[in-house]
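This report refers to the structure that appears directly beneath it.
Every number in this text was worked out from the coordinates using simple rules, so none of it is lab data. Predicted, not measured: the structure shown is a model, and the values here were computed from it. Cβ placement follows ideal geometry from the backbone for every residue including glycine, while neighbour counts extend to all protein chains displayed.
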Amino acid sequence: MNKKEERCPKCNANLTGEEIPDELKEHYAGTHWSKKIIIAPYIGADSVAFQCPYCKHQWKKEN
Ligand SMILES: [Zn+2]
């Protein structure tokens, strides 16, 4: 299985979390939880940016 790693663009910390359980995978875009903090304009809105929990660096979401 190809495990996609997510890394902070600034401090290069590994942001890939645990594997998402099979029964929950259909509700999420990926196969692993992410440790990055999701920045959204309000609760329930689409995310617009992410923040690294380690160095607090923020970066824009890529489409
Ligand atoms: Zn970082």
Subject >> For I39, residues with placed amide H under 5 Å, excluding near neighbours >> reply: V48, A49, F50, Q51
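How much of the pair distance distribution for the chain lies past 16 Å, counting alpha-carbon pairs only, in percent? Don't skip to the end; give the middle numbers.
Working: 1001 of 1953 pairs.
The answer is 51 percent, as a whole percent.
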Original post:
If each of K35 and K10 carries a label point 7 Å out from its Cα toward its Cβ, how far apart are those two points in nm?
Top reply: 1.6 nm
Original post:
Measuring from a point 7 Å past the Cα of L24 along Cα-to-C-beta, which residues in segment 32-63 have an amide N at less than 13 Å?
Top reply: 32-35
**OP:** Compare the Cα positions of Y42, G17, Q58 along the charge dipole of segment 16-60 (+1 at Cβ of Lys, Arg; -1 at Cβ of Asp, Glu; about the Cα centre) and return the one farthest towards the positive end.
**Re:** Q58
Original post:
Among 45-53, 20-28, what's the highest-first ranking by average C-beta atoms within 10 angstrom per residue?
Top reply: 45-53, 20-28
Original post:
With charges set only on the Cβ (+1 for Lys and Arg, -1 for Asp and Glu), what does the dipole of the chain come to about its Cα centre, in debye to the nearest 20?
Top reply: 460 debye
